[in-house]
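A short worksheet on the structure shown next.
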């Protein structure tokens, strides 16, 4: 099956030659990705990768990029953090329809991970809620990719937390 996802990286100064970067990525197996190098010091790769599972697709892409650009630091895997417009686009409804769903089901709609002028949700949480609610057709593979992207992003950020803080939080949160 083909899985679509994006990997975003911060580049080291020594990896800022776009021509060399694109060549190295192609040689490492990233020829199934659109390469974005427009923002200085950043690299975005939109993959359309064939694999038996979303996890296999993402893990192989992460390994290929690491092989090509070992100094690059992963910023995020998407689709993961999304606004209502992103969710609406993914499931083929209007933003207004999505907002109406959120407001009319405030008790069961997933809580955002960031609340503010622009609130953000984990896409996997909202898709799971929509699936449980029924009546929504999700693009094939999107739920799988969103779940794996969420896990990779949380693992990446979790590595930044000290073991003491992690233990203390687990005790507080249950």
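The values are calculated or read from the model by the stated rules, or taken from the named source; none is laboratory data. The model shown is predicted, which means the values in this text are computed figures rather than measured ones. Don't worry about glycine lacking a Cβ; one is built from the backbone with ideal geometry, like all the others, and counts go over all protein chains shown.
Kindly indicate whether any position in region 97-113 is closer than 30 Å to residue 37 by Cα, without any contact (Cβ under 8 Å) to a residue 60 or more places away in the chain and outside any loop (DSSP other than H, G, I, E, B). No; the residues of region 97-113 include none that is closer than 30 Å to residue 37 by Cα, without any contact (Cβ under 8 Å) to a residue 60 or more places away in the chain and outside any loop (DSSP other than H, G, I, E, B).
Quick one: which residue in 42, 24 is touching a residue at least 12 places away in the same chain (Cβ under 8 Å) and touching a helix residue (DSSP H, G or I) at 6+ places or on another chain (Cβ under 8 Å)?
Details: 42 fails: touching a helix residue (DSSP H, G or I) at 6+ places or on another chain (Cβ under 8 Å).
Among 42, 24, only 24 is touching a residue at least 12 places away in the same chain (Cβ under 8 Å) and touching a helix residue (DSSP H, G or I) at 6+ places or on another chain (Cβ under 8 Å).
Taking strands (runs of 3 or more DSSP E) as the structural unit, those lying wholly within region 1-87 and holding at least 3 residues that are surrounded by 13 or more Cβ atoms within 10 Å (Cβ to Cβ) and modelled with pLDDT of 95 or more correspond to 2-10, 42-50, 73-78. All conditions but one from (1) under 24 Å from residue 1 (Cβ atoms); (2) in a helix (DSSP H, G or I) apply to residue 139; the one that does not is (2).
To keep it simple, each residue is scored yes or no on (1) exposed (fewer than 13 other Cβ atoms within 10 Å of the Cβ); (2) within 28 Å of residue 43 (Cβ to Cβ); (3) in contact with a strand residue (DSSP E or B) (Cβ under 6 Å, 6 or more places away or on another chain); (4) not assigned by TED's automatic domain parsing to the domain that holds residue 62.
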residue	(1), (2), (3), (4)
95	no, no, no, yes
99	no, no, no, yes
117	yes, no, no, yes
135	yes, no, no, yes
152	no, yes, yes, no
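Selection of region 122-133 for residues being within 11 Å of residue 91 (Cα to Cα) and surrounded by fewer than 16 Cβ atoms within 10 Å (Cβ to Cβ) yields only 131.
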